[in-house]
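Derivation of every value follows stated rules applied to the coordinates shown; laboratory data play no part. It should be emphasised that the depicted structure is a prediction, and the values quoted were computed from it without experimental measurement. FYI the Cβ positions are ideal-geometry reconstructions off the backbone, even for glycines, and counts take in every protein chain you see.
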Amino acid sequence: MKLLFKIFTLCILFSCINSFADEKYEDLDGIFIKAVDNYPALKKNEFAIGATILPFDPYFYGFGVTLGYTRYFNKKLGWEVLSGDFIFNIQSPVTAAIVERTANAADPVEPTDIEQTQFMVNSNLKYVLSYGKNIFLDKHIRLNRTEILGGIGVAGTSGRLGTTGGSGGTYILINLGFQLDFSISKTMSWKLEYMNHFNTNIGKDELTRREGNNFLELGEFKAMLAWRF
């Protein structure tokens, strides 16, 4: 399943990079015409707040709050200077089954013994793949754009799978994702994002080192409200 989502993310990225629109001219009674519509310059700074979900961890489902600040250099390039996710976890049926099955064992497993994501802090570069306009409710003209994001991050966890009473760890991540932006005014927009975090395993205690973490090697979804200034 992890490999499937990694392949899906890379396919989306490569298909977007290799998608270019042809510039065509229409012939109207022997006269070549071309429609030109400039995309207006947006504000340079952006603050976003919203909700995030990590639905792919087999042991705990993560829900949380996300905050972020982005600086745009021009209409094509931007830098998400800082993005922070604060995660709350709800145990999955798998965890409940493990706890129940080991309840009478000599060393029973408690939910707090299983590694859980507590926070993630990221910094990503943004590249605008496309931008345009749409008509909302046949009345309001709204701007939209799609972006790819890539960068690095840090994740903090509690617990340590396989270690009773483990204190968790800090991990270095490589990020790759894409974002949809729908403007609702000159200064506000809705944003939808999918981000895949690839765990480098850097920062692990060698005594309890494991090959990867399910909850970090799969993606998270975000829905945000952004304010530009």
Would you mind counting up the charge near residue 151? Only other residues with Cβ under 15 Å from its Cβ, with Lys and Arg at +1 and Asp and Glu at -1. -2
What does the net charge come to around residue 227 if you take all other residues with beta carbon closer than 10 Å to its beta carbon, with K and R at +1 and D and E at -1? +1
Taking 0.36 nm per residue of sequence separation and subtracting the Cα-Cα distance, how much length would be gained by fully extending the chain between residue 74 and residue 142, in nm to one decimal? 22.6 nm
Tell me the label-point distance for the pair residue 121, residue 43, using the 7 Å Cα-to-Cβ offset, in nm and rounded to one decimal. 2.5
Pop a pseudo-label 7 angstrom from the Cα along the beta-carbon direction at both residue 65 and residue 174 and give the gap in nm to one decimal. 3.3
What's the ranking of 147-157, 178-188, 114-124 by average number of surrounding C-beta atoms within 10 Å, highest first? 114-124, 147-157, 178-188
If one computes the Cα centroid of the stretch 83-124 and of the stretch 169-188, what distance in Å separates the two points? 25
Inter-site label distance for residue 188 and residue 225 at 7 Å from Cα along Cβ, in nm: 0.6
